[in-house]
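Everything on this sheet refers to the single structure shown next.
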Amino acid sequence: MITRRNFITGLPILTLAGNPALAQDKRPDPLSIDKVKEFVRLGHGDLVGTKQMLEETPAVLHATYDWGNGDFETALGGASHMGRKDIAEYLVGKGARMDIFTAAMMNKIDIVKAIFAAFPDTHLCKGPHGITLLMHAQKGEAGEVLEFLKLRNITQ
């Protein structure tokens, strides 16, 4: 039986339990910067290493490394500006977030055209390290994308 006294003395506990500000933070610890940097480095050219690290630490898939001054890069971004279609396809297949730079390198002309239709000045955007959309397409030897950019007089 709940008495008036038990009810009143239990109110502070109920109040604290229902307060989200006082609830324990359930977020996982951040990935180590060294692990993120290594994964991004692997994404530039080591398919086996990329696969191995992703199997060991799946959360690293979307991790970005800041090379300084806001120059953020993912493993997919590294694969894209290095023209590593094999690594890019693997990462996208695992759920990595594709952007126009990856689409350009992989010659995904429908994606590139759709983004240009919505945002005509897209070619002014720079990828990691300031690498242009044109340079990504060149690294991927992306014929259709290169022709599309040429027709728009995009030379940088």
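The values are calculated or read from the model by the stated rules, or taken from the named source; none is laboratory data. Model, not experiment: these values are computed from the prediction. Counting neighbours? That spans all protein chains shown, and the Cβs are built from the backbone with ideal geometry, glycine included.
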Quiz item: Tell me, which residue of segment 88-123 that is surrounded by fewer than 22 Cβ atoms within 10 Å (Cβ to Cβ) and touching a residue at least 40 places away in the same chain (Cβ under 8 Å) is nearest to Leu42 (Cα to Cα)?
Solution: Tyr90
Quiz item: Condition test on Ala79, is it among the aliphatic types (A, V, I, L, M), in a helix (DSSP H, G or I) and closer than 20 Å to Gln138 by Cβ?
Solution: yes
Self-check item: Subset of segment 58-80 [surrounded by 15 or more Cβ atoms within 10 Å (Cβ to Cβ) and either more than 15 Å from the chain's Cα centre (by Cα) or modelled with pLDDT under 95 (or both)]
Solution: none
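Those residues that are in a loop (DSSP other than H, G, I, E, B), more than 20 Å from Ile131 (Cα to Cα) and not polar (S, T, N, Q), I need them from segment 25-68; list them, please.
Passing the criteria: Asp25, Lys26, Arg27, Pro28, Asp29, Pro30, Leu31, Asp46.
Which of the residues spanning segment 124-156 are polar (S, T, N, Q), in contact with a strand residue (DSSP E or B) (Cβ under 8 Å, 6 or more places away or on another chain) and surrounded by fewer than 18 Cβ atoms within 10 Å (Cβ to Cβ)?
First, pick out the residues of segment 124-156 that are polar (S, T, N, Q): 132, 138, 153, 155-156.
With in contact with a strand residue (DSSP E or B) (Cβ under 8 Å, 6 or more places away or on another chain) added as a condition, the list becomes 132, 156.
Hit for segment 124-156 is Gln156, nothing else.
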